[in-house]
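The values are calculated or read from the model by the stated rules, or taken from the named source; none is laboratory data. All of these numbers come straight from a predicted model, not from anything done at the bench. With ideal geometry, Cβ positions are generated from the backbone for all residues, glycine too; neighbour counts draw on all protein chains shown. Only protein heavy atoms, including side chains, enter the accessible area calculation; ligands, DNA and RNA are left aside. Shrake-Rupley method; radii C 1.70, N 1.55, O 1.52, S 1.80 Å.
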Amino acid sequence: MPVFRKDVDFFFEEFIKVTTGGGGDASIWAVGSYQGEFIMTVIDQKIDSLTIDDIVDKPVFVMLQDLMKFSPYWKYDAAALSLANQLAISSL
């Protein structure tokens, strides 16, 4: 289920790269929280850092279960996913 920018509860102070490969020239970043679950964005290039300015024009974000349905070949960093989950539920 896509999450629209207006529905995002909060953005993380620092974004977390959650992919370790499998996406060609793209990367996936955990960027914030929606109802206690972390939300992510796909960046069409491999980068080492991401800021709020980089996603200011992104109107929609995705959740992990959505990406796993449509892009099962991605490889995810378990520690990064765990950290993103902890940050997302920290406001509850």
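Which ³J(HN,Hα) values in Hz, rounded to whole numbers, follow from the phi angles of segment 4-20 under the Karplus curve 6.51 cos²θ - 1.76 cosθ + 1.60, where θ = phi - 60° and Gly and Pro get x?
Once rounded to whole Hz, the list reads 7, 3, 5, 9, 5, 5, 6, 9, 5, 5, 10, 7, 10, 6, 10, 9, 10.
What are the ³J(HN,Hα) values, in whole Hz, obtained from phi via the Karplus relation 6.51 cos²θ - 1.76 cosθ + 1.60 with θ = phi - 60°, for each residue of segment 57-70 in sequence order, with x given for Gly and Pro?
8, 6, x, 9, 10, 10, 10, 4, 4, 5, 5, 5, 6, 9
Determine the calculated [θ] at 222 nm for the chain from helices alone, applying -39500 (n - 2.57) to every DSSP H run no shorter than 4 residues and normalising by the residue count; nearest 500 deg cm²/dmol.
Helices in the chain give a 222 nm mean residue ellipticity of -6000 deg cm²/dmol.
Using a 7 Å offset from the Cα along the Cα-to-Cβ direction at both Lys69 and Gln35, what is the distance between the two label points in nm, to one decimal?
In this crude spin-label approximation the distance works out to 1.3 nm.
Once the mean 1/r over all distinct Cα pairs of the chain is inverted, what Kirkwood radius in angstroms do you read off? Show your work: numbers first, answer last.
Values: mean 1/r = 0.0767 Å⁻¹.
This gives a value of 13.0 Å.
Take every Cα pair under 8 Å in the chain that's 6+ residues apart, average their separations, divide by the length, and report that relative contact order as a whole percent. All intermediate terms of the calculation are to be shown ahead of the outcome.
Working: 155 pairs, mean separation 33.2, N = 92.
About 36 percent, as a whole number.
Cut-off under 20 Å on the C-alpha distance; same-chain residues fewer than 8 positions from Lys69 excluded. Which lysines are left, in chain and number order?
Correct list for Lys69: Lys17.
For the chain, find the longest principal axis of its Cα atoms and tell me its angle to the long axis of helix 78-89, 0 to 90°, nearest 10.
Helix 78-89 sits roughly 20 degrees off the main axis of the chain.
Run the simple label-point estimate for Asp9 and Asn85 please: 7 Å along Cα→C-beta, distance reported in nm.
That separation, rounded to one decimal, is 1.5 nm.
In whole percent, how big is the carbon plus sulfur part of the accessible area of the chain, probe 1.4 Å, protein atoms only?
Working: 2930 of 5490 Å².
Within the chain, the accessible surface is 53 percent carbon and sulfur.
Which aspartates and glutamates have a Cα less than 14 Å from the Cα of Lys58, not counting those fewer than 8 places away in the same chain?
Asp7, Asp44
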